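Shown next, in C-alpha cells, is the structure this report addresses.
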Amino acid sequence: MMHYLFDMLYELSTALLGPVVLCLFLLLIQMLLELGGAIREWNERRRVQKNWDLYQRGLATKEYDTPDGMDPEHVYPGFVLKFVQRAALRQDQFPLIEKCVDDIEIESSARLARLIFLVRIGPMLGLMGTLIPMGPALIHFSEANVDTAAQELVVAFGTTVLGLLVGGGAFTIWLARKHWYAQDLADIEYLRRQVLS
C-alpha cells in the first residue's frame, strides 16, 4: 500500500516539472516587462525633474500654474501628474482631491504588489524546479546512468538560476519603485496642503 502511495507521489511530482518550467518562463517575461516599464518611468522622471524642482519652489508664492505655461506632462513626475490631472487642483473640490489621493495610494500599492508576487513566487518555483528533477536524477545515479542524471541536474540548476533571476530582478525594481512612489505620495500631500491652505 505504501509503495503504491510513494509511486503516486513520485509520478505527481515529476508531472509538475513541465508546468513549473512554463510558469518560470512566464514570470521571466513579466519581470522583463516590469523592467522595461521601470526604465521608461525612470527616464520620464529624469526628464521632468528640473521643471518639477522649479515648480516646487514656486509653490511658496501660491503659483499653481505650470511653469511658463508648459504641458503638465513636462512638469509633474509619476503619480503627481495623475493627481494633478484627476483633481484639477481646485480648492472647491476638497472631497475630490481627498479621493484622488486615496486612489493613487491604492494604485501605487497595486503596482508594488505585482512585483512582490514575482519576488516571492519566482524563487519558490525555482526551488520546485530544482527539487523535482532530483528524484529521477538519484534513480539514474543508482542505475549508473550518469548521462541521464546529468541532464536532470542541468534542468534542476537551470530552474534555480531562472527563479533567482526573476526574484532578484523584481526585488531591484520594487526597491526603485517603492522609493519613487513614497516620494510621489509625499509630494502629493505637500501639493494638496499648499492648494487647500
Response to the item:
Expected single match for surrounded by 15 or more Cβ atoms within 10 Å (Cβ to Cβ) and either farther than 22 Å from W52 by Cβ or in contact with a strand residue (DSSP E or B) (Cβ under 8 Å, 6 or more places away or on another chain) (or both) among I139, I132 is I132
Discussion item. Whether any residue in the stretch 116-134 is over 23 Å from the mean Cα position of the chain (by Cα) and more than 30 Å from E11 (Cα to Cα) is what I want to check.
Written reply: no
Fill in: Set R86, R177, R114: member being without any contact (Cβ under 8 Å) to a residue 24 or more places away in the chain and either farther than 26 Å from D53 by Cα or part of a helix (DSSP H, G or I) (or both)
R86
Response to the item:
Restricting the stretch 132-148 to residues that are of a type outside the set (A, V, I, L, M) and not in a helix (DSSP H, G or I), the one modelled with the lowest pLDDT turns out to be N145
Worksheet item: What tally of residues in the stretch 8-59 results from selecting those that are over 30 Å from V155 (Cα atoms) and of a type in the set (A, V, I, L, M, F, W, C)?
Response: 7
Item to complete: Please verify whether the stretch 133-147 includes one or more residues that are closer than 28 Å to V20 by Cβ and touching a Gly at 6+ places or on another chain (Cβ under 6 Å).
Response: no
Item to complete: Scan (1) at pLDDT 80 or above; (2) within 30 Å of the chain's Cα centre (by Cα); (3) more than 30 Å from M128 (Cβ to Cβ) for the single condition L54 breaks and write down its number.
Response: (2)
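The values are calculated or read from the model by the stated rules, or taken from the named source; none is laboratory data. Predicted model only: the values in this text are computed from it and were never measured. Cβ coordinates were reconstructed from backbone atoms using ideal geometry, including for glycine residues, and neighbour counts include every protein chain displayed.
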